[in-house]
1. Please go through segment 321-339 and give me each residue that is surrounded by fewer than 16 Cβ atoms within 10 Å (Cβ to Cβ), within 30 Å of the chain's Cα centre (by Cα) and part of a strand (DSSP E or B), ordered by number.
2. Give the residue that is nearest to E176 (Cα to Cα), with candidates limited to residues of segment 101-137 that are among the β-branched types (V, I, T) and under 34 Å from the mean Cα position of the chain (by Cα).
3. Hey, among the residues in segment 70-101 that are more than 26 Å from G137 (Cβ to Cβ) and open to solvent by 40 Å² or more (accessible area, probe 1.4 Å), which one's modelled with the lowest pLDDT?
4. Would you mind telling me which numbered condition in (1) outside any loop (DSSP other than H, G, I, E, B); (2) surrounded by 13 or more Cβ atoms within 10 Å (Cβ to Cβ) G315 fails?
5. Checking the structure you have, find out if any residue of segment 244-262 is in a helix (DSSP H, G or I), buried (at least 16 other Cβ atoms within 10 Å of the Cβ) and free of Cβ contacts under 8 Å to residues at least 40 places away in the same chain.
6. Look through R130, R178, R151 and report the one residue that is of a type in the set (D, E, K, R) and within 21 Å of A202 (Cβ to Cβ).
7. Do we have M145 as open to solvent by less than 40 Å² (accessible area, probe 1.4 Å), over 23 Å from the mean Cα position of the chain (by Cα) and not small (G, A, S) here?
Amino acid sequence: MAELTIANAGKVYGSDVQAISDLSLDVADGEFVVLVGPSGCGKSTLLRMIAGLETITSGEIRIGDRVVNDLEPADRDIAMVFQNYALYPHMTVFNNMAYGLRNRRTPAAEIERRVRDAARLLEIEPFLDRTPRQLSGGQRQRVAMGRAIVRKPAAFLFDEPLSNLDAKLRVQMRVEIRKLQRELGTTSVYVTHDQVEAMTMADRLVVMNHGVAEQIGTPRELYRTPATVFVAGFIGSPAMNFLEAEVGANGDTLQIGEAQVPLGANRPAEPGQAVTLGVRPEHLELAPDGGQFGLVVELVEHLGADTVVYGQVAGAADQRMALRVHGDRDFGIGDTVQVAAKPENLHLFDKETGKRIVS
């Protein structure tokens, strides 16, 4: 096990394609860090730079007390779990897990012990004599993880390992991976595009956008105090609502179309300033006696435990938002429902830069 340090790392393809820009990250010994973001944001490129599968253009990557910029992947003391499992189809499960150890000339008795210990931990002992084609997707992923575990590396690197599994199995496997990582205490970096997967697994998240780390923090920090509109919109499901607004003359309200929203003590913006208001669907409340917004219902999603209502803000052309309420509720298409939000649940962002406005 070891710390992982990335200092001012950059990656340029060709002469002008900047895939990673001046990115710094410290991963503590035993920490589980998740790189998350949309396709093309640079998260897999960064992971491959750590692994040595991509060269680093600038900066430094350190695993433990070694700078690994110029080391081959085999010399970095890491183990990687891929999206496609990368198992040898003609080998048994046992031999797939033992292959790397044999290449390192590990004694046969030690290989036997490590493979069987990992198989027991992953509950795949009955499958050691089978080939990968005789296994389900979830079982193959366990084998891939077992192959990484037997190495006893300084760090685990996961590249979207659950994306080929069905939804139910993904939930089960993410619980198992996180439990296993806690038991082993191995420093881990995990890549995913799924923000729910990221939020439920990470000690800390790195939200990436166009090769830049937009924000680094715990899932709760990113949910409660997103640093930018991008982070606010990416973290949370359904996504945060964004409305164009103007701060009132006294600085204590927001004007949104015909609606006025009290800011309470949450007044970081200047009177007359144009801002982007963010409010999460779950932080909007029904206000049948008169709310801050009228929401004209356009679509209703019944999710069982919750109901999500999508609609247009009354009196504000082209401004739309979603409301999430607990329970299975009935709403008529075209009806107008009154909603309100507490001032402490409002997020204000600079309209030009997209950055959070703080007092």
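The values are calculated or read from the model by the stated rules, or taken from the named source; none is laboratory data. Values in this document were obtained by computation on a predicted structure and should not be read as measured data. Neighbour counts run over all protein chains shown; Cβ positions are idealised from the backbone, glycine included. Keep in mind that these areas ignore ligands, DNA and RNA; they rest on the heavy atoms of the full protein, side chains included. Shrake-Rupley method; radii C 1.70, N 1.55, O 1.52, S 1.80 Å.
1. H326
2. Quick first cut of segment 101-137, residues among the β-branched types (V, I, T) only: 106, 111, 115, 124, 131.
From what is left, the residues that are under 34 Å from the mean Cα position of the chain (by Cα) are 115, 124, 131.
Details: V115: 18, I124: 13, T131: 22 Å.
Checking each candidate, the answer is I124.
3. Among residues in segment 70-101 that are more than 26 Å from G137 (Cβ to Cβ) and open to solvent by 40 Å² or more (accessible area, probe 1.4 Å), the one modelled with the lowest pLDDT is A74.
4. Among (1) outside any loop (DSSP other than H, G, I, E, B); (2) surrounded by 13 or more Cβ atoms within 10 Å (Cβ to Cβ), G315 violates only (1).
5. Step one: list which residues in segment 244-262 are in a helix (DSSP H, G or I), which gives none.
No.
6. On the way: R130 fails: within 21 Å of A202 (Cβ to Cβ); R151 fails: within 21 Å of A202 (Cβ to Cβ).
Testing whether each residue is of a type in the set (D, E, K, R) and within 21 Å of A202 (Cβ to Cβ) leaves just R178.
7. On the way: open to solvent by less than 40 Å² (accessible area, probe 1.4 Å): yes; over 23 Å from the mean Cα position of the chain (by Cα): no; not small (G, A, S): yes.
No; evaluated as a whole, the condition is false for this residue.
Yes/no per residue for (1) of a type in the set (K, R); (2) more than 26 Å from the chain's Cα centre (by Cα):
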| site | (1), (2) |
| --- | --- |
| L4 | no, no |
| G14 | no, yes |
| D22 | no, no |
| R66 | yes, yes |
